[in-house]
1. Considering only residues of the stretch 16-31 that are touching a residue at least 24 places away in the same chain (Cβ under 8 Å) and part of a loop (DSSP other than H, G, I, E, B), which is nearest to ASP91 (Cα to Cα)?
2. Looking at the stretch 21-76, which of the residues that are of a type in the set (Val, Ile, Thr) and touching an Asp or Glu at 6+ places or on another chain (Cβ under 9 Å) is nearest to LYS109 (Cα to Cα)?
3. Across the stretch 57-109, what is the total count of residues that are over 18 Å from ASN6 (Cβ atoms), surrounded by fewer than 14 Cβ atoms within 10 Å (Cβ to Cβ) and either touching a Gly at 6+ places or on another chain (Cβ under 7 Å) or in contact (Cβ under 8 Å) with a residue 40 or more places away in the chain (or both)?
4. Specify the residue that is surrounded by the most Cβ atoms within 10 Å (Cβ to Cβ); the eligible residues are those in the stretch 3-31 that are modelled with pLDDT of 95 or more and within 30 Å of TRP78 (Cβ to Cβ).
5. Take the stretch 39-69 and flag every residue that is at pLDDT 95 or above, over 12 Å from the mean Cα position of the chain (by Cα), under 16 Å from ILE85 (Cα atoms) and charged (D, E, K, R).
6. Can you tell me which residue in the stretch 35-56 is surrounded by the most Cβ atoms within 10 Å (Cβ to Cβ), limited to those that are in contact with a helix residue (DSSP H, G or I) (Cβ under 9 Å, 6 or more places away or on another chain) and within 21 Å of GLU25 (Cα to Cα)?
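The values are calculated or read from the model by the stated rules, or taken from the named source; none is laboratory data. Just so it is clear, the structure is predicted and the values come from calculations on it, not from any experiment. So basically every Cβ, Gly included, is an ideal-geometry build from the backbone, and we count neighbours across all protein chains shown.
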Amino acid sequence: MSDLSNKTCQPCQGGVPALSGDQREALLDQLDHWQVIDDHHLRKEFTFPDFVQALAAVNTIGEMAEREGHHPDLYLAWGKVRVDIWTHKIDGLTESDFILAAKIDDALK
């Protein structure tokens, strides 16, 4: 379990800068196989043996996102789920994005 997963996502009111490259890399090192895409968002693809388990993962992520008040983009296909996370208010990455990624990893273990 990452220390990030013990934190709570904080709502962004806008007006804050997106994380710098060094800040992103330090947080990314605490995650399991997530990627930063175009210096803009986090992405990870999870694989499952069938559609039912992939759908269950989407539902698990959705329930957690509601609790955290931070909502990723989810893409469901047979046997896989892709998760994209960023803070829409600033159109970039904040620490809360990395917190949510860590919580997703823990929930899907």
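1. ALA18
2. Step one: of the stretch 21-76, the residues of a type in the set (Val, Ile, Thr) are 36-37, 47, 52, 58, 60-61.
Remaining after also requiring touching an Asp or Glu at 6+ places or on another chain (Cβ under 9 Å): 36-37.
Values: VAL36: 21, ILE37: 23 Å.
The extreme case among them is VAL36.
3. 2
4. Within the stretch 3-31, the match that is surrounded by the most Cβ atoms within 10 Å (Cβ to Cβ) is LEU31.
5. GLU63 - this is the single residue of the stretch 39-69 that is at pLDDT 95 or above, over 12 Å from the mean Cα position of the chain (by Cα), under 16 Å from ILE85 (Cα atoms) and charged (D, E, K, R).
6. Among those residues, the one meeting the criterion is LEU42.
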